[in-house]
Amino acid sequence: MRRLGAVSRAVALIAVVTATGAGCGWSAASSPQAERTPGEAAPPPGVQRDAVPAGQVPSVGVLVAGDEHACTASVVASPHGNVVATAAHCATGLSLDSLEFAPGFSGSDKGTFPYGRWKVRAVQVDERWTADHEDAADFAFLTVEPDARGRSVQSVVGASVPEWGAGPDERVTVVGYPDPEHNPGNRPVMCTTDVHQDADEPAMMRMECGGFWVGTSGSPWLVDYRGPGRLGRIIGVLSGGDTDAESTAALFDAKARSAYERATQA
């Protein structure tokens, strides 16, 4: 399977914390949401066949290492507001010394950081990924530090609510950052479409929507998305695909929840 955004400039493997976490006791009502920019439109209704410009979605951004950026990531609601989701193959090829999350990233060349750069302090992946790089385990949860003012990333840009074990048929909105070759302005794109179980890989979900080039790995798959102020529920992250129009996602399951709970305590 083609990986949509694996980082080629890896300098060290990220250490994975393996301690098992307990339940977090968090409720959806505690998730702050970023306000919608005046005049910004919600995704068009119905099913799309090609991605469209996403506008500003502050909770979605890119992973940054020095002057380089690769892969998409997004904030997931958590008790301390400090958890970010992406694909495992994006988060296990860079040193924690340089890894940061840049929500709302945009702009040509090195881009701009309207919500800052948030230092990643820990990465959690499933043992199936560590052992065999199983496609169904291609998800990771990152714990980020507060900013210089002591704020959590979630309090600044909002977060989607994690859902564990979504059904095989869903309507999702996917938001991601294609690579600069196909996206010179580094602007996010989105697609709202119906997704189904992948016939070739039953543990994966499949989407058919054009425009999801390399760089969109880690893009959140959101159910009930209604704009940056109503992000809905994240059920998985984009993992790979055969073309820019055929993408798959690693669906969040009980093992994903275990990795997430470790991230909430890291």
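The values are calculated or read from the model by the stated rules, or taken from the named source; none is laboratory data. In this text, all values refer to a predicted model and were calculated from it rather than measured experimentally. Cβ sites come from the backbone with ideal geometry, for glycine too, and all protein chains shown count toward neighbours. The accessibility values were calculated without ligands, DNA or RNA, using every heavy atom of the protein model including side chains. Shrake-Rupley method; radii C 1.70, N 1.55, O 1.52, S 1.80 Å.
Only one of the listed residues (Gly229, Gly165, Gly211) is touching a Lys or Arg at 6+ places or on another chain (Cβ under 7 Å) and either within 17 Å of Asp50 (Cα to Cα) or surrounded by fewer than 23 Cβ atoms within 10 Å (Cβ to Cβ) (or both). That residue is Gly229.
In the set (1) charged (D, E, K, R); (2) open to solvent by 60 Å² or more (accessible area, probe 1.4 Å); (3) over 30 Å from Arg49 (Cα atoms), Glu134 fails one condition alone, (3). In this structure, is Ser95 in contact with a His (Cβ under 7 Å, 6 or more places away or on another chain) and either under 15 Å from Ala70 (Cα atoms) or touching a residue at least 24 places away in the same chain (Cβ under 8 Å) (or both)? It is false that Ser95 is in contact with a His (Cβ under 7 Å, 6 or more places away or on another chain) and either under 15 Å from Ala70 (Cα atoms) or touching a residue at least 24 places away in the same chain (Cβ under 8 Å) (or both). Residue check: Arg117 meets all listed conditions (1) under 23 Å from Ala54 (Cβ atoms); (2) touching a Ser or Thr at 6+ places or on another chain (Cβ under 7 Å); (3) touching a residue at least 40 places away in the same chain (Cβ under 8 Å); (4) open to solvent by 10 Å² or more (accessible area, probe 1.4 Å) but one, namely (2).
If a residue has to be hydrophobic (A, V, I, L, M, F, W, C), touching a residue at least 60 places away in the same chain (Cβ under 8 Å) and either surrounded by fewer than 22 Cβ atoms within 10 Å (Cβ to Cβ) or farther than 19 Å from Pro146 by Cα (or both) to count, how many in the stretch 58-87 make the cut?
Result for the stretch 58-87: 3.
The single condition from (1) at pLDDT 95 or above; (2) under 17 Å from Pro58 (Cα atoms) that His69 fails is (1). Failed condition for Gly241, given (1) closer than 17 Å to Glu163 by Cβ; (2) in contact (Cβ under 8 Å) with a residue 24 or more places away in the chain, with all others met? Only one criterion is unmet by Gly241, namely (1).
Mind counting the residues in the stretch 236-262 that are buried (at least 18 other Cβ atoms within 10 Å of the Cβ), of a type in the set (Gly, Ala, Ser) and touching a strand residue (DSSP E or B) at 6+ places or on another chain (Cβ under 7 Å)? The qualifying residues number 8.
Can you list the strands (runs of 3 or more DSSP E) found entirely within the stretch 142-225 that contain at least 1 residues being among the small types (Gly, Ala, Ser) and in contact (Cβ under 8 Å) with a residue 24 or more places away in the chain?
Hits in the stretch 142-225: 169-176.
Let me spell it out: the conditions are (1) surrounded by fewer than 21 Cβ atoms within 10 Å (Cβ to Cβ); (2) within 19 Å of Val237 (Cα to Cα), and Thr112 meets all of them except one. Which number is the exception? In the conditions (1) surrounded by fewer than 21 Cβ atoms within 10 Å (Cβ to Cβ); (2) within 19 Å of Val237 (Cα to Cα), Thr112 misses (2) alone.
Is it true that Gly55 is in a loop (DSSP other than H, G, I, E, B), surrounded by 15 or more Cβ atoms within 10 Å (Cβ to Cβ) and touching a Gly at 6+ places or on another chain (Cβ under 9 Å)? Here the answer is yes, as Gly55 does meet what is asked.
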